[in-house]
Structure formats: C-alpha cells, structure tokens
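Here is the structure we will look at, set down as structure tokens.
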Protein chains: 2
Amino acid sequence: MALANTFKALSDPTRREILNLLGVRPLSAGEIGAHFSMTGATVSHHLAILKDAGLVFDRHEGKYIFYELNLSVFEEVLNWFQTFLDQKGDSHEEAEKK
Amino acid sequence: MALANTFKALSDPTRREILNLLGVRPLSAGEIGAHFSMTGATVSHHLAILKDAGLVFDRHEGKYIFYELNLSVFEEVLNWFQTFLDQKGDSHEEAEKK
DNA sequence: CTATCGTTTAGACGTTCATCTAAATGAAAC
DNA sequence: GTTTCATTTAGATGAACGTCTAAACGATAG
C-alpha cells in the first residue's frame, strides 16, 4: 500500500528535516547533505526513500540533481487523516457534508 | 520527538487497520484480535505501540480492556501536514485562507 | 579522451521491528 | 482460594532499517 511507504518515510527525523528544508525551496542533493553530519551516501539513501514514497521528486539540471516537495502526496495523506476526524465527528453530531 | 512515534505507528498496515476498526466504535483487545490472523500477543504489541504514539487510549472495564481513538493526536499530525501546504501555497500564490 | 566533481550503488554492521511460543498477570466466577 | 478467561510480558528469530566505507556512474571541463 502506498500509505505504508509514505508513513515509513515520514517516521525518520532526518527525512522530516529534509522535507522542512525543501519546504523553503528546492535544493540539490549536495546542499541538502550540507545540513547534516552524515555521509552523502546516507543522505542519498534518505532521498531515495522520500522519492519512493512520492513525497519529493527530482529534477536533473546539468551536474546537479535538485529535489523538490511533491505536494499532491501531502494532500493525499491529509485526506486520510481527515476521514478519521470526519467519520468520528459524524457519529455523534448531525452530519452536514461539505 | 512525538511525531516520530506517531508516524512509525502509522507505517504498519495492521495498525492502520486497527485504527479503522476503532473509527467505527471502541473495541476490546479480543474483538480487535478477532479481525486478524495473528496471535493475541502480537495484536497486544501493536496496541501498545498505538497507545504509546497517543493515537488510542484504553479504558479498563471489568474483565475487558477497551481501546478507543484519540482524535486530538490525529489533529496534531494533520496540522503538521498543513504547514507544508500552507507554506508552499503562500510562496507562489496570493494567500486567501478558507 | 581523461580527469574531476556530484551523486548513487554495493556490501557490511549493529539496531530496531513484527511475529511467534510460552509464561505471567489481573479480574471475575465458582 | 482456585479456576477460568482476557490480556500482557518475556524471550527468541528472521527481516528491515540507518549508517558507514569503498566503488561505480554521469555529466562537465580541460
């Protein structure tokens, strides 16, 4: 299931920090790595997981590879959460759908 | 960090299915276990993780222990997601909040 | 074409995770 | 109190994870 990968990707603090960085603006793999004390190989591994989860996409630009947030997947997960709140809300409150 | 535990808890399909079941109504550990083909011990383990993540709470009632969704944590995570959408949306679009 | 720079892949290592079986706890009923 | 039923805890096992070093790949610059 897609959600499994997404939540697994989000469960790591390093990866969430990467997403925070990319929230400001797209960054190359090297720029992202500069924010952490780990190996470039490790950062690349995290980026691959984020990409696999659909949370980011990459754009090759000459010598560099830029990573960027993929907001549509954020919206998907947001919807998943809202089903719980809606579902629960409807059960003890008169429902008016939007 | 709290988010780490929450996302780790949500990354397992079994635990997400448990949350779905609890979305309908609170259930005892036994009732939850009846929906799966695993050992009761394993289900208990998953419930402990969900409880630790704050996604559910338990209520002791005689011989049984009932589990129930804790919606406030759902809302917290939902807010975390919305910061990304808001942040990004504001940067390239004139923001008008709903 | 060869050297260089940015990034990824391969393989290894210790840790964490999901699951099991077996034993322990806790509450109710006899 | 002893038995019974619901649930959890303890300990074990194999798979997955985060990290590293070393090697490979890809694109640009000499």
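The values are calculated or read from the model by the stated rules, or taken from the named source; none is laboratory data. Note that the structure is predicted; figures quoted are calculated from it, not measured. Don't worry about glycine lacking a Cβ; one is built from the backbone with ideal geometry, like all the others, and counts go over all protein chains shown. What goes into the accessible areas is simple: the full protein's heavy atoms, side chains included, and nothing from ligands, DNA or RNA. Shrake-Rupley method; radii C 1.70, N 1.55, O 1.52, S 1.80 Å.
Placing a label point 7 Å from the Cα of B:Leu3 along the Cα-to-Cβ direction, the distances to the matching points in the other copies come to 2.0 nm, shortest first.
So what is the relative contact order of the stretch A:2-91, in percent, for Cα pairs below 8 Å that sit 6 or more residues apart? Worked out over the stretch A:2-91, it gives 29 percent.
For B:Phe74, B:Phe66, the ranking by accessible surface with the largest value first comes to B:Phe66, B:Phe74, using a 1.4 Å probe.
Each residue was assigned an accessible area with a 1.4 Å probe, and for A:Asp52 the value is about 110 Å². Along Cα-to-Cβ, 7 Å out, sits the label point; list in nm, shortest first, how far the one on B:Ala48 is from those in the other copies. Once sorted, the set of distances for B:Ala48 reads 3.3 nm. Residues whose amide H falls under 5 Å from that of B:Val56, counting only those 5 or more places apart or on a different chain, are B:Lys51, B:Asn70, with hydrogens built in the peptide plane.
Note on the protein assembly as shown: semi-axes of the ellipsoid equivalent to its C-alpha gyration tensor, largest first and rounded to whole Å, are 35, 21, 12. A helix-only calculation puts the protein assembly as shown at -19500 deg cm²/dmol for mean residue ellipticity at 222 nm, using -39500 (n - 2.57) for each DSSP H run of at least four residues, averaged over all residues. Value of Rg to Rh for chain B, rounded to two decimals, is 1.12; Kirkwood radius and Rg both from alpha-carbon coordinates. Stretching the chain fully between B:Lys51 and B:Gln87 yields a gain of 9.9 nm (0.36 nm per residue, less the alpha carbon separation).
Legend: mean number of C-beta atoms from other chains within 10 angstrom of residue C-beta atoms, peptide A:11-18, equals 3.
The accessible-area ordering, largest first, of the residues B:Arg16, A:Arg25 stands as A:Arg25, B:Arg16, per a 1.4 angstrom probe.
Would you be so kind as to identify which of A:Phe84, B:Gly40, B:Leu55 lies farthest towards the positive end of the dipole of the protein assembly as shown, taking Lys and Arg as +1 and Asp and Glu as -1 on Cβ and the Cα centre as origin? Selected residue: B:Gly40. Note on B:Lys51: accessible area is roughly 90 Å² with a 1.4 Å probe, heavy atoms of protein only. Take A:His35, move 7 Å from Cα toward the beta carbon, and the resulting point lies 3.7 nm from the same point in each other copy, nearest first. Using only side-chain charges placed at the Cβ, +1 for Lys and Arg and -1 for Asp and Glu, the dipole size of the stretch A:2-91 relative to its Cα centre rounds to 240 debye. Accessible area per residue was computed with a 1.4 Å probe on protein heavy atoms; A:Ser28 scores about 10 Å².
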